[in-house]
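Colleague: One structure follows; several queries about it will come next.
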Amino acid sequence: MLLFALGLLLAMLQPSTGQFPRVCANMQSLLSKECCPPWDGDGSPCGELSSRGSCQNILLSQAPLGPQFPFAGVDDREDWPSVFYNRTCRCEGNFMGFSCGECKFGFSGPNCTERQVKTRRNIFQLSASEKNKFLAYLNLAKNIPSQDYVIATGTYTQMNNGSNPMFRDINVYDLFVWMHYYASRDTLLGGSNVWRDIDFAHEAPGFLPWHRVFLLMWERQIQRITGDENFTIPYWDWRDAEDCEVCNDEYMGGRHPTNPNLLSPASIFSSWQVICTRSEEYNSQQALCSATGEGPIRRNPGNNDKSRTPRLPSSADVEFCLSLTQYESGPMDKMANYSFRNTLEGFADPQTAISNPAQSGLHNALHIYMNGSMSQVQGSANDPIFVLHHAFVDSIFERWLRRHRPMLEVYPAANAPIGHNRENYMVPFIPLYRNGEFFKPSRELGYDYEYLQEPALQSFQDFLTPYLQQARQIWAWLVGAAVFGGIVTAVLTGLIRACQKKKGGTSSEIQPLLIESEDYNNITYQSNF
């Protein structure tokens, strides 16, 4: 009944965020390399008549990249999205979206001026009705075609450089599965050759900002298709868990009674078809995932290789990770030592922070532990546990940001693996987002975590936020005024002292400070100045 009611909301669909905008997936847009759709509100490209944005050339980062990808001009994702488009909408103020028709994360209202902070909650703290609604929303997303986005089924070369567009429709949930695949897929070099040491969403500094954007977009998409603007992604706090606590039919699906690798028939997720899981097949065919069904979700939690992942992460693992002061280090990939990012991602030991790709800790440990669809990087988002898991990983990232309060400059500006420098645009998102834009506290992006909230300080922080933002904009003037004021004060003080010396004698201001106790109450403080 709930799903039927949600289906009636299809007519309420609004623009979303994702991969290739449908309005730009055509020969004209590809040949002109321009994606500047009209905003529905005034019919002008990017809402220019309403001062929402304008069509502009894309400004690409020129910072040098790391040595991990020794090619140039062989992958459509290089200098994203310039292979497909070199002009897109650049939105003003708090507007966002491929046509500037939306509000930035953390803002709402017709003019995007109303700040908002929503709370993500522990899935076990949801009421029965809230939990059932979340499961219904997931299933709805799996069965509703995306109204605004399509996926590419061929490379730009296979599209004959734009003259033969190759795109297809996809449902809302699978759109995000496909984006995760596309960001992490291998580079097709022609023939049967591929380059595997490339990933625009993992194994480098952008891992945490990329997944932060991914979740924000996914969260907003669910809000749009359901009409529930208050929806937030729940998280699963897996610290010290002895087994997969959400792997039952009440939550994310229990174990099949006769096949331990499949989900229980009583779970709505048992009928889901996975996509983008056959990377070797795509590589041999030099093809992209076409998002056709490839079988049911597979999951056999706990029956994984214990030599690689002996247990689920502990509270001590998380606390040690949070104590690391460097966000990134060394080669800035999975071999980085003493790197908070690499330790949280799971390529470094959660007790020493020394890189050890043969072991899987923290984030990676959960994926390996699930022993199924979640354990293969490119197709891991097929399992809906993915969003619960990454919401909690993001909360750990948030704890680190609040504890260490890093400046934006802490995020590497250069020499990171391809796609991971601070000013690089994240693959494959349109509208465009830079890595550095999401290296900031979550409250500035419009959300918080229930277990991280500080009630006594929250309202005070909300009160101060707009004033602090204004202060950041004028800090240079404030510093200049302070320096000028100090100089003026020093000059005046010198003049006053010079005048006092010329007068001679002893005034009340130059009497000894040691005063007899009986005279203390008769003294009043005054200044000749």
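The values are calculated or read from the model by the stated rules, or taken from the named source; none is laboratory data. Note that the structure is a prediction, hence the values are computed from the model and not measured. Don't worry about glycine lacking a Cβ; one is built from the backbone with ideal geometry, like all the others, and counts go over all protein chains shown. Quick note on the areas: whole protein, heavy atoms, side chains included, nothing else; ligands and nucleic acids left out. Shrake-Rupley method; radii C 1.70, N 1.55, O 1.52, S 1.80 Å.
Colleague: Express in nm, to one decimal, how much length is gained between ALA266 and GLN158 on full extension, taking 0.36 nm for each residue of separation and deducting their alpha carbon distance.
Modeller: 34.6 nm
Colleague: Please list the non-local residues whose amide H lies under 5 Å from the amide H of TYR235, H modeled 1.01 Å from N, same-chain partners needing a gap of 5 or more.
Modeller: Amide H neighbours of TYR235: ARG121, ASN122, ILE123.
Colleague: Taking a cut-off of 20 Å, what percent of all Cα-Cα pairs in region 43-107 are separated by more than that? Kindly include the intermediate steps, with their values, before the conclusion.
Modeller: Numbers: 904 of 2080 pairs.
In whole percent, the share of Cα-Cα pairs in region 43-107 beyond 20 Å is 43.
Colleague: On full extension of the chain, what length is gained from LEU49 through ASN86, given 0.36 nm per residue of separation minus the C-alpha to C-alpha distance? Display every interim value, and only then the final one.
Modeller: On the way: separation 37, 0.36 × 37 = 13.32 nm, distance 2.19 nm.
Roughly 11.1 nm would be gained on extension.
Colleague: Using 30 Å as the Cα-Cα cut-off, could you pick out the over-long pairs in LYS33/LYS440; LYS306/LYS440; LYS104/LYS133; LYS334/LYS440; LYS118/LYS334; LYS104/LYS334?
Modeller: Over 30 Å Cα-Cα: LYS33/LYS440; LYS306/LYS440; LYS118/LYS334; LYS104/LYS334.
Colleague: In whole Hz, with x marking every Gly and Pro, tabulate ³J(HN,Hα) for region 77-83 from phi via Karplus 6.51 cos²θ - 1.76 cosθ + 1.60, θ = phi - 60°.
Modeller: So the J values, rounded to whole Hz, are 8, 4, 6, 3, x, 5, 5.
Colleague: How many percent of the accessible area of region 22-451 is carbon or sulfur, using a 1.4 Å probe?
Modeller: 48 percent
Colleague: Please list the non-local residues whose amide H lies under 5 Å from the amide H of ARG255, H modeled 1.01 Å from N, same-chain partners needing a gap of 5 or more.
Modeller: SER264
Colleague: Let me ask something else about it. Within a Cβ distance under 14 Å of THR292, other residues only, what is the Lys/Arg minus Asp/Glu net charge? Can you show the working numbers first?
Modeller: Working: positive: ARG168, ARG278; negative: ASP169, ASP174, GLU281, GLU294.
Summing Lys/Arg as +1 and Asp/Glu as -1 gives -2.
Colleague: Now a separate question. Which of rounded, prolate or oblate describes region 22-451 when judged by the alpha-carbon gyration tensor and an a/c cut-off of 1.5?
Modeller: The shape class here is rounded.
Colleague: Can you check what the net charge comes to around TRP272, using other residues whose Cβ is under 13 Å from the Cβ of TRP272 (Lys, Arg +1; Asp, Glu -1)?
Modeller: Working: positive: LYS142, ARG298, ARG299; negative: ASP174, GLU294, ASP383.
Taking every other residue near TRP272 into account, the sum is 0.
Colleague: Under a plain spin-label model, where a point goes 7 Å from the Cα along Cα-to-Cβ, how far apart in nm are ILE487 and ASN111?
Modeller: 4.0 nm
Colleague: Explain nothing, just the number: dipole magnitude of region 22-451 about its Cα centre with +1 on each Lys and Arg Cβ and -1 on each Asp and Glu Cβ, in debye rounded to the nearest 20. Walk me through the intermediate numbers first.
Modeller: Numbers: 38 positive and 48 negative charges, 40 e Å.
For region 22-451, the charge dipole is close to 200 debye.
Colleague: How do 77-85, 321-329, 173-181 rank on mean C-beta neighbours within 10 Å, highest first? Write down the numbers at each step before the final one.
Modeller: Details: 77-85: 20.2, 321-329: 18.3, 173-181: 25.7.
Put in order of decreasing packing, that is 173-181, 77-85, 321-329.
Colleague: What distance in nm separates the two pseudo spin-label positions at LEU408 and ASP243, each 7 Å out from Cα along the beta-carbon direction?
Modeller: It is 4.8 nm.
Colleague: Let me ask you something else. P(r) for region 318-442: what percent of alpha-carbon pairs falls in each 5 Å bin, starting at zero?
Modeller: Taking every Cα pair in region 318-442, the percentages come to 2, 11, 18, 21, 24, 17, 6, 1.
Colleague: Using a/c under 1.5 as the rounded threshold, could you call region 282-378 rounded, prolate or oblate? The axes a ≥ b ≥ c are square roots of the C-alpha gyration tensor eigenvalues, and prolate needs a/b larger than b/c, oblate otherwise.
Modeller: oblate
Colleague: Around LYS118, which amide H atoms from residues at least 5 apart in sequence, or from another chain, sit under 5 Å from its own amide H, with H modelled in the peptide plane?
Modeller: For LYS118, the qualifying residues are TYR447, ASP448.
Colleague: Explain nothing, just compute: Karplus ³J(HN,Hα) = 6.51 cos²θ - 1.76 cosθ + 1.60, θ = phi - 60°, for every residue of region 188-197 in order, whole Hz, x for Gly and Pro.
Modeller: Listing the rounded values in order: 8, 9, x, x, 10, 8, 9, 10, 8, 7 Hz.
Colleague: Within 11 Å, Cβ to Cβ, of TRP178, how many net charges do the neighbouring residues add up to if Lys/Arg are +1 and Asp/Glu are -1?
Modeller: After counting each charged neighbour, the total is +1.
Colleague: Turning to a different aspect of this structure: Can you tell me the FRET efficiency between ALA128 and MET335 if r is taken as the Cβ-Cβ distance and R0 is 56 Å, rounded to the nearest 0.05?
Modeller: 0.75
Colleague: Contour minus end-to-end for GLN351 and ASN193, with contour as 0.36 nm per residue of separation and end-to-end as the Cα-Cα distance?
Modeller: Net length gain for the segment: 53.1 nm.
Colleague: If a/c stays under 1.5 just call it rounded; otherwise compare a/b with b/c (prolate if a/b is bigger, oblate if not). Do that for region 205-321, with a ≥ b ≥ c from the square roots of the Cα gyration tensor eigenvalues.
Modeller: rounded
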